[in-house]
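**Student:** Sending over a structure as structure tokens; questions will come in a sec.
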Amino acid sequence: MALKISVIGTGYLGATHAACISSLGFDVIGIDTDPSKVALLQKGKVPFFEPDLEELLAKEIATGRLTFSTSFDAIKDADVHFICVGTPQVKDGLAADMTYVNSALEALAPVIKAGSLVVGKSTVPVGTAARLRARLLEVNPGADLAWNPEFLREGFAVDDTLNPNRLVVGVTNDRAEDILKEVYAKNLANGTPWVRADLPTSELVKVAANSFLATKISFINAMAEICEAAGGDVTVLAKAIGYDPRIGSRFLQAGIGFGGGCLPKDIRAFMARAEELGAKQALEFLREVDSINLRARQRVIDLVRKDLSEDLIGKKVAVLGAAFKPDSDDVRDSPALDIAVQIHAAGASVVVHDPKAAGPASKRFPALKFTDDIEECLRDAEIVLHLTEWKMYRELDPGVIKSLVKRAILIDGRNALDRSAWQAAGWRVRALGRTDTNR
Ligand code: UGA
């Protein structure tokens, strides 16, 4: 008989995982403590924006295989329980907040049946899986726990989940690995690389991968600073080094840096954990990665100040983009929004446009002005900041926009617009890490 699966937590990770596992033919029950989220999901509605997810969710609910509930009683019959809850940064330090993971385990342990397998997917400090496993066996000696980190990217969550570039399973025995092989049988048949690891290594794979990606972005942003100082062009530099297959061209897009609910908090939690383990020095470089990243935001603000003759008060600044990256409405630690907030705090009259994230962003920063109307955002602006590289911004006609704004000055914080087209239309264009930045 096919395995029955439960998924605890229905955020980006859990909702996507539940819908995708259901599409593989399993019966899936998604659990969340938030009744309003569950009510939406039951109706086939996704509480956030993620391309393709709503269609898949509605389709899977219609098959009857996928259901949602707020009650842990509903998962008693399931064989495999995926923990997909969040691990945000704690309010008073760098570490990850383990409250939700711990309570998920405490809720699961007494109710799950003998022989069932709890599988952690949340990003956690190394050592968590072993601790949770010991606790689980104390309460429910017939159950087991494995770790299976998730590498999905927001904006590509469905495809990344259905077609992962690798599957990593942290297990303590063959039976746990066999159960996971049953869950991921389709991927295995398609040749997805399968890496069996012990529990700590599987937890480390995830934070190591995110640290590497963060380092790659900060590396190119450090090169952007050097290009500015030396009169070079970081976009050309990135292209040229990217042709070396050992370096690779992806994740070398210089700009205002990384944000979101993962990279920033993951590198910080990794540093905090390394310190606890007595290995602080090994990750000191991540502190630099973090500060290069935050510096990029400040550099845009400095450029705005320069262009507005150091006087921001009352000047209209048009901000294109609020999400931490395109194709997402996620504004957690968004560099775009951070810049908008700081410029607003300096006295400018900031108007932010985002095709999807204006709602979530205005909830977080009600004092900022948001609009869905791009013309309203741009009208009479003294400077335009391009901060999230949505496709629709690349399709703007710089000539038409010039007639809307008060002064045709553009800062491309993502190095994603066609600079020559904007210049040809009469714009003064600045971008991080490019020769004309300081002119
Ligand atoms: C990241 C990882 O890429 C996923 O593999 C991982 O599963 C996920 O975190 C997680 O831990 O859950 P995500 O946060 O969705 O995924 O976003 P990314 O695509 O990694 O982008 C992160 C940030 O880096 C964005 O703000 C993006 O604008 C920025 N970025 C990315 C750059 O500034 N330059 C680049 O070249 C690439």
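**Student:** Amide H neighbours of Ala348 under 5 Å, counting only residues 5+ apart in sequence or on other chains, H built in-plane at 1.01 Å?
**Tutor:** Sorted by chain and number, the residues that satisfy this are Gly314.
**Student:** Per-residue HN-Hα couplings for the range 209-218, Karplus 6.51 cos²θ - 1.76 cosθ + 1.60 at θ = phi - 60°, whole Hz, x for Gly and Pro?
**Tutor:** 4, 5, 5, 5, 4, 4, 5, 4, 5, 5
**Student:** Semi-axes of the equivalent ellipsoid of the range 232-347: what are they in whole Å, largest first, if each equals the square root of 5 times a C-alpha gyration tensor eigenvalue?
**Tutor:** Values: eigenvalues 162, 85, 43 Å².
In descending order the semi-axes read 28, 21, 15 Å.
**Student:** Carbon and sulfur atoms: what percent of the 1.4 Å accessible area of the chain do they account for?
**Tutor:** Numbers: 10130 of 18590 Å².
Result for the chain: 54 percent of the exposed heavy-atom area is carbon or sulfur.
**Student:** What number comes out for accessible area per residue over the chain if the probe is 1.4 Å? Units Å², please.
**Tutor:** Working: 18590 Å² over 439 residues.
Ligands and nucleic acids excluded, the figure is 42 Å² per residue.
**Student:** What residues have an amide H closer than 5 Å to that of Lys4, excluding those fewer than 5 places away on the same chain, when H is modeled at 1.01 Å from N in the peptide plane?
**Tutor:** Those lying under 5 Å, H to H, from Lys4 are Asp79, Val80.
**Student:** If you project the alpha carbons of the range 252-315 onto their three principal axes, what span does each projection cover, largest first, in Å?
**Tutor:** 49, 21, 19
**Student:** May I ask you to work out the translational diffusion coefficient for the range 212-431 at 4 °C, viscosity 1.567 mPa s, via Stokes-Einstein with Rh from the Kirkwood sum over Cα pairs, reported in whole µm²/s?
**Tutor:** 72
**Student:** Would you mind checking Lys76/Lys181; Lys43/Lys186; Lys239/Lys402; Lys37/Lys59; Lys206/Lys391; Lys216/Lys402 for any pair whose Cα atoms are more than 24 angstrom apart?
**Tutor:** Lys43/Lys186; Lys239/Lys402; Lys206/Lys391; Lys216/Lys402
**Student:** Looking at the chain, what % of its DSSP beta bridges pair antiparallel, to the nearest 5?
**Tutor:** Antiparallel: roughly 5 percent of the beta bridges in the chain.
**Student:** Ok, one more. Out of residues 5 or more away from Gln89 or on other chains, whose amide H comes under 5 Å of its own, with H placed 1.01 Å from N in the peptide plane?
**Tutor:** Asp97
**Student:** Continuing with the same structure: For the range 392-439 and the range 49-82, what is the separation of their Cα centres, given in Å?
**Tutor:** First find each Cα centre; the distance between them is then 45 Å.
**Student:** Grab the alpha carbons of the range 131-279, take their convex hull, and tell me the volume per residue in Å³. Intermediate values should be presented prior to the final figure.
**Tutor:** Working: hull volume 23.4 nm³, N = 149.
Spelled out: Cα convex hull of the range 131-279, divided by residues, is 157 Å³.
**Student:** Here's a follow-up. Can you give the angle from 0 to 90° between the axis of helix 174-183 and the longest principal axis of the chain, with both taken from C-alpha atoms, to the nearest 10?
**Tutor:** 60
**Student:** Starting from the alpha-carbon convex hull of the range 326-439, give the projected area averaged over all orientations, in nm². Can you show the working numbers first?
**Tutor:** On the way: hull surface 27.5 nm².
Its Cα hull, projected and averaged over all orientations, spans 6.9 nm².
**Student:** Okay, moving on. How would Val101, Val341 rank on accessible area, largest to smallest, probe 1.4 Å?
**Tutor:** The most accessible residue leads, giving Val341, Val101.
**Student:** Can you work out the FRET efficiency for the pair Asn102 and Gln423, with r the C-beta to C-beta distance and R0 = 56 Å, to the nearest 0.05?
**Tutor:** 0.55
**Student:** For Lys406, go through the aspartates and glutamates and keep the ones whose alpha-carbon is under 17 Å away, minus same-chain ones fewer than eight residues off.
**Tutor:** By straight Cα distance, Lys406 reaches Asp307, Asp311, Glu375, Glu376, Asp380, Glu382, Asp397.
**Student:** Convert each backbone phi in the range 149-165 into a coupling constant with the Karplus relation 6.51 cos²θ - 1.76 cosθ + 1.60 (shift: θ = phi - 60°), then list the ³J(HN,Hα) values in order as whole Hz, x for Gly and Pro.
**Tutor:** With the stated coefficients, the range 149-165 comes to x, 10, 10, 5, 9, 4, x, 10, 4, 5, 5, 5, 6, 6, 10, x, 7 Hz.
**Student:** Got a number for the accessible area of Val171? Probe 1.4 Å, square angstrom, nearest 10.
**Tutor:** 10
**Student:** While we're here: Normalised by the residues of the chain, what does the relative contact order come to in percent, with Cα pairs under 8 Å and at least six apart?
**Tutor:** Relative contact order here is 12 percent.
**Student:** Work out from phi, with θ = phi - 60° and the Karplus expression 6.51 cos²θ - 1.76 cosθ + 1.60, the ³J(HN,Hα) of each residue of the range 36-47, listed in order in whole Hz, and give x for Gly and Pro.
**Tutor:** 3J(HN,Hα) across the range 36-47, in whole Hz: 5, 5, 4, 4, 5, 4, 4, 7, x, 9, 9, x.
**Student:** Give, in nm to one decimal, the length gained when the segment between Gln42 and Ser249 is fully stretched (0.36 nm per residue of separation minus the Cα-Cα distance).
**Tutor:** 70.4 nm
**Student:** Also, I was wondering about something else. With +1 on each Lys and Arg Cβ and -1 on each Asp and Glu Cβ, how big is the dipole of the range 97-186 about its Cα centre, in debye rounded to the nearest 20?
**Tutor:** On the way: 10 positive and 12 negative charges, 25 e Å.
In total the dipole reaches around 120 debye.
**Student:** On a 0 to 90° scale, report how tilted helix 263-276 is relative to the longest principal axis of the chain, with both axes built from alpha carbons and the result rounded to the nearest 10.
**Tutor:** Between helix and principal axis, roughly 60 degrees.
**Student:** Let me ask something else about it. Not counting the cut sites, what is the longest span of the chain without GluC sites (Glu not before Pro) that DSSP labels loop and that have at most 10 other Cβ atoms within 10 Å? Could the numbers behind the result be given before it?
**Tutor:** Details: sites that count: Glu310, Glu395.
In the chain, the maximal stretch lacking such sites is 1-309.
**Student:** Something else about it: If you average over every viewing direction, what projected area does the convex hull of the Cα atoms of the chain give, in nm²?
**Tutor:** Answer in nm², one decimal: 22.0.
The values are calculated or read from the model by the stated rules, or taken from the named source; none is laboratory data. Remember, it's a predicted structure, so these values are computed and weren't measured experimentally. All Cβ positions, glycine included, derive from the backbone under ideal geometry; neighbour counts span all protein chains shown. Note: areas computed on protein heavy atoms with side chains; ligands, DNA, RNA excluded. Shrake-Rupley method; radii C 1.70, N 1.55, O 1.52, S 1.80 Å.
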